Amino acid sequence: MKNNTFSCFALLFLPSFCLVSQNIKVNNIKENIQFLASDKLKGRGTSSPEELIAANYIAEKFKLSGLKSFNDSFLKSFSYKKNLNPHDTSVVNIAEQKANNVVGFLDNNSPITIVIGAHYDHLGLGHDKNSLDANPENKIHNGADDNASGTAGVIALANYFSKNKFVEPFNFLFICFSGEELGLLGSKKWCENPDIDLSKINYMINMDMIGRLNDSTKKLLIYGVGTSPSWVPLLDSIKTGFSLKTDSSGIGPSDQTSFYLKDIPVLHFFTGQHSDYHKPSDDIEKINFKGEVDVLNYIIQIIEKTYNYPKLIFSKTRNPDTGRKGFKVTMGVMPDYTYDGEGMRIDGVTDGKPASKAGLIKGDVVIKLGDTEVKNVQDYMKALSNFKKGDTTNIEVVRNEELKKFNLTF
Ligand SMILES: [Zn+2]
């Protein structure tokens, strides 16, 4: 609020400055991350009261930017199922929970809309077994980079595009997703029950962890460049000081996946992995605010380039190259990426491979593999990387609401 007071004050004396310059400001990024990643918000755990405070904060920012809401509220609630006994997999106690995505629309009277998103939830107090801390319980996981940084990015871009001096040729839909850390829940739910026709979405830009730009390497990762034939030539046409590392796949461990699976071109921006990832030490002191501003200005350049193109054509990509992540084994199953419950649902089983030999069938929901609790596809991938060929392990699945245990040999 302090900053807004200053802007209005400045407006009285420097009107041209305030109206013309709509650049992304380091101080705004800092202020928003500071609030979202403060201890007061207790790590923004999905469905927590503090996550709701974050949602209302984002909604207020959307309102100040002049965005429109659908159905009289920027908050759009969804429900999901959660096992309330995460520490005892022998008791499957599934309960319905509610959480909110935050959605704001910039209507430029175009038939086509660009979606800009980021998840705003994080790991809360470390109760959901997603933390990589040795002793996570009751420690605040502030998630400054993951993903207060991306959320601040959405707020900044909403302000930038809505206060621009000209009317862009496309509408913009800004969404801050909940439940990403529990398995892309918010983005999946929004795509199942969207506020606009999905076929009218030009493309989706996702920002997840954009606050740790390394000033010496300038490395910036962009995932999803194969999801439209236009992305690579478009990126090539922009001069940038970043050292870009691109990946073609539309499927990755963040919310762009939900849109890609609806045949929408996507790009995911990421300043790279670090040792504080999913730990209580992912704090604001380590954020590179100026670096984030540079990333956002680059994203603006990319978006403005697309004004010269008609609606982008979608293309399917190969699945992520799991070999790169060091998988030495396969179970021979196809994960169901659209499943929104807890665990990893098997969408298909290949005959003669370990899962089929162990007795697993399509529809089984894997909740534990070896010693690892499996909450979602990402956990499953992580668990799988622990094994090598010839290893035998136990696997727990839910089949028709019944817990079943198998031995599986890779
Ligand atoms: Zn994240």
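Values in this text are rule-based calculations from the coordinates and carry no lab data. Values in this document were obtained by computation on a predicted structure and should not be read as measured data. When we count neighbours, we look across all protein chains shown, and the Cβ atoms used for this are built from the backbone with ideal geometry, even at glycine.
Side notes on the structure shown:
- Other-chain or far-sequence residues with amide H under 5 Å of Thr317's (modelled H): Gly250
- Proximal aspartates and glutamates relative to Lys25, as straight alpha-carbon distance under 15 Å, when same-chain residues fewer than 8 apart are discounted: Glu292, Asp294
- Nearest-ten-degree value, helix 2-13 long axis tilted from longest Cα axis of the chain: 20 degrees
- Within the chain, longest stretch free of exposed trypsin sites (Lys or Arg not before Pro) [DSSP loop, at most 11 other beta carbons within 10 Å]: 1-164
- Spin-label zone in the range 276-308 - amide nitrogen under 16 Å from a point set 7 Å from the Cα of Ser237 along the C-beta vector: 299-308
- Cross-link table Lys165/Lys218; Lys30/Lys219; Lys163/Lys219, entries beyond 24 Å C-alpha to C-alpha: Lys165/Lys218; Lys163/Lys219
- Relative to the current alpha-carbon distance between Leu403 and Asp351, full extension at 0.36 nm per residue lengthens the span by 16.4 nm.
- Antiparallel %, DSSP beta bridges [both residues in the chain], to 5: 65 percent
- Each Lys and Arg adds +1 at its Cβ and each Asp and Glu adds -1 at its Cβ; summed about the Cα centre, the range 294-405 shows a dipole of about 520 debye.
- Pairwise centroid distance, computed over Cα atoms, of the range 87-156 with the range 173-251, Å: 16 Å
- The Cα atoms of the chain define a convex hull whose projected area, averaged across directions, is 20.1 nm².
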